[in-house]
Amino acid sequence: MKQYLLSMYQPHGDPPPPEVLGPIMRDLEAVHQEMEAAGAWVFTSRLHPTSSATVVRVEDGEALITDGPYIEGKEHIGGFVVIRAADLDAALEWGRRLARAGTLPIEVRPFLGEYEA
């Protein structure tokens, strides 16, 4: 089976209040449990805000380190799930379920190569 990265994009700014975020997190956890039960789930994690990011780039042979995200934008990756799926259609179905549960855009992207599960 191939592995896919499902990235959740969230807007910059403060998270929604608990009364909004609570049900969303509950729904996301339900989808994660379904993924585990189906044997699709590999790994998931949330990320700290972009203010915690550090970028390393090489210019003229020197490594330069700067604070903050690589690209300024209105959205950033707030979390991700790595799954196993038979094909892109199956991975997209998991992406749809996450998008419905989390109410945020999900990017579905295959890893290069084949991975045995």
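All told, M35 falls short of being over 15 Å from G79 (Cβ atoms) and surrounded by 11 or more Cβ atoms within 10 Å (Cβ to Cβ). Considering segment 6-88, the qualifying strands (runs of 3 or more DSSP E), each wholly inside and each with 1 or more residues that are acidic (D, E) and free of Cβ contacts under 8 Å to residues at least 12 places away in the same chain, run over 54-59, 62-67. All told, E19 falls short of being of a type in the set (D, E) and either in contact with a Ser or Thr (Cβ under 8 Å, 6 or more places away or on another chain) or at pLDDT below 85 (or both). Of all residues in segment 76-93, how many are farther than 12 Å from M8 by Cβ and either aliphatic (A, V, I, L, M) or buried (at least 17 other Cβ atoms within 10 Å of the Cβ) (or both)? Residues flagged as farther than 12 Å from M8 by Cβ and either aliphatic (A, V, I, L, M) or buried (at least 17 other Cβ atoms within 10 Å of the Cβ) (or both) within segment 76-93 amount to 9.
Which residues, taken from segment 41-72, are surrounded by 11 or more Cβ atoms within 10 Å (Cβ to Cβ), farther than 18 Å from R100 by Cα and not polar (S, T, N, Q)? Within segment 41-72, V42, L47, P49, A53, V55, G68, P69, Y70 qualify.
The values are calculated or read from the model by the stated rules, or taken from the named source; none is laboratory data. It should be emphasised that the depicted structure is a prediction, and the values quoted were computed from it without experimental measurement. Cβ sites come from the backbone with ideal geometry, for glycine too, and all protein chains shown count toward neighbours.
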